[in-house]
Structures are given as C-alpha cells and as structure tokens.
Amino acid sequence: MVASVTNLFQSKDLLREWTARNIRARYQQSALGWLWAIIQPAAQVAMFAIIFTLILPVDTGDTPYILFAYVAMVPWTFLATSLPDMSNSLVENMSLVTKIYFPREVLPIAAMLARLMDFGVAAILVAFLLLFFRVPLFPLGWLFLPTILAVQLVLMLGLGLAGAALNVFYRDVRSLLVLGLQLWFYASPVIYPVSLVPEWLRPFYSLNPMVGVITAYRNVLLEGRLPDPSFGIAALISLVVFLLGYWFFKRVEFQFADIV
C-alpha cells in the first residue's frame, strides 16, 4: 500500500488536471454555475424547515432549524454527490483505463475532489448564517474543522474506491448506491437531532460514521465546544473503511483492463 500511495503522489499533476477537467465538464454548460452548490442543499433545507417547524415541529434547542439543518446538509450533500460520481468514474473512462497505464485511483479521487470545490462554496453560506443568527465563535473548536473534514474524506475515499471497483464488474452498483444513500440519509442526524434517537439504540446508531461527523460539525459550529466521543468512533470506523476499500481496489485493479 505504501508503494501505491507513493505512486499516486507522483501522479499529483495528473490528479490536479483530472480534477479541473471534472469541474469544467460539470459547469461549462450551466447558466448558474457554482450557485448550484448552494442551491441544492439550501432548497432541501428550506423544504425540511417548512415540515419540521410548521407541520411536525422538531426541538433543536436555541438553534434555528434552518441553521441546524444546513450545517449538516452541506457535508451530507458532499458525500451524497461524491459517491455516485466516484463509483462511475472508472466506467465512464474505460477507454482510457484499458489503454493507458496510470494509477487508476486517480479517477475516483479526482471525482471526489471536484465535489470538494462544491462543498467549499456551500460552506460560504454556513458562515453567513452563523453571522446572521449571531452564533458565538469558538476559535479553538474551529481548529478541529480540518480534522472533521479529513475524517469525512477518509470515509468517502474508502467507500468511493470500493464502489468504483465494484461498478466495473457489476453495473447495478450505482443504482444500489443511490438507494443506499437515501436510506443512509434518514439513518443520519441531518434533519433531526440525535436526542430524538431512543437511548437504548444510540450505541448502535453511533456505529454510523456520519453520526459522529455531523455531530462534530454541530458541536464546533453551533454549540461552541469540542467534538464529543462519537467523533472518535467515526474516525476509527472511517479509517477501517478506507483501508478495506483501498485494499479491495488495488486487489482487483489488474482486472480493469480486461473489462470491455
């Protein structure tokens, strides 16, 4: 694995160029361009805000529901848009995969990094909402934001690499992934607080790594405190998922060129 990482690092120029290519391809025919990175999560939050403030009120304490949900929706949208792109990255470029040698993981990683740009744009609105609702800043906690993002990236890499490899052999993986993401959304505290989960269920619920990741974002940005222990669980599970996903990808990589 060390040799594979070294080889990938040596291909950093290719990774940068392929990431830029993905970004250009997505927005070159788009009238709104980067605004879609904000419109998508904002529209979802607006819909859920109507439901969970007017129809089925959800108690989010002193935090306005719009802010509560949007802080979670941004990282969730990053994950939910990246994984399908990553899983399809090899299949969409099979002519390149079968003819030219390069580290194949460049393609799914570039797909994820292209979506990371969207994540950064959507996060700008988070900053404006924090200022608008006068949420007290917690400088020490903000130092943890890169760590929280890093854990999420590690999780996404593991899932995305495994999904990309499986999709080469079984083309219905992408459809299964979309279904899985829909179920995963409701199994994660994006539109509701963890406090609504029954006490007896929480130890099992915390095994979902996005629980720890989303809670950590809220801890730091909204509650002015350091991430709680669920983030440690998320970090450990994410690392295991990454190691297994990357191992599987490299294990079957030699077969990609044989698939037509």
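The sole residue among L131, L166 that is more than 30 Å from K250 (Cβ to Cβ), open to solvent by 40 Å² or more (accessible area, probe 1.4 Å) and over 17 Å from the mean Cα position of the chain (by Cα) is L131. A150: of a type in the set (G, A, S), under 15 Å from the mean Cα position of the chain (by Cα) and open to solvent by less than 60 Å² (accessible area, probe 1.4 Å), yes or no? Spelling it out, A150 is indeed of a type in the set (G, A, S), under 15 Å from the mean Cα position of the chain (by Cα) and open to solvent by less than 60 Å² (accessible area, probe 1.4 Å). Of the helices (runs of 4 or more DSSP H) lying entirely inside region 66-179, those containing at least 3 residues that are among the polar types (S, T, N, Q) span 145-169.
Within the bounds of region 171-188, is there any residue that is farther than 24 Å from P108 by Cα and surrounded by fewer than 21 Cβ atoms within 10 Å (Cβ to Cβ)? Yes, because at least one residue in region 171-188 is farther than 24 Å from P108 by Cα and surrounded by fewer than 21 Cβ atoms within 10 Å (Cβ to Cβ). Checking the stated criteria, I100 turns out to be exposed (fewer than 13 other Cβ atoms within 10 Å of the Cβ), over 18 Å from T215 (Cα atoms) and not aromatic (F, W, Y). Of all residues in region 172-189, those that are at negative phi have Cβ atoms under 7 Å from Cβ atoms of residues that are open to solvent by 40 Å² or more (accessible area, probe 1.4 Å), 6 or more apart or on another chain, in V173/L166.
Check region 247-257 and report whether any residue there is crowded, with 20+ Cβ neighbours inside 10 Å and either of a type in the set (S, T, Y) or touching a residue at least 60 places away in the same chain (Cβ under 8 Å) (or both). Spell out the reasoning first.
First pass over region 247-257, keeping only residues crowded, with 20+ Cβ neighbours inside 10 Å: 249.
Narrowing the set further to residues that are either of a type in the set (S, T, Y) or touching a residue at least 60 places away in the same chain (Cβ under 8 Å) (or both) leaves 249.
The answer is yes; a qualifying residue exists.
The values are calculated or read from the model by the stated rules, or taken from the named source; none is laboratory data. Note that this is a predicted model, so its numbers are computed, not measured. Cβ coordinates were reconstructed from backbone atoms using ideal geometry, including for glycine residues, and neighbour counts include every protein chain displayed. The area values use the complete protein model at the heavy-atom level, side chains included, leaving out ligands, DNA and RNA. Shrake-Rupley method; radii C 1.70, N 1.55, O 1.52, S 1.80 Å.
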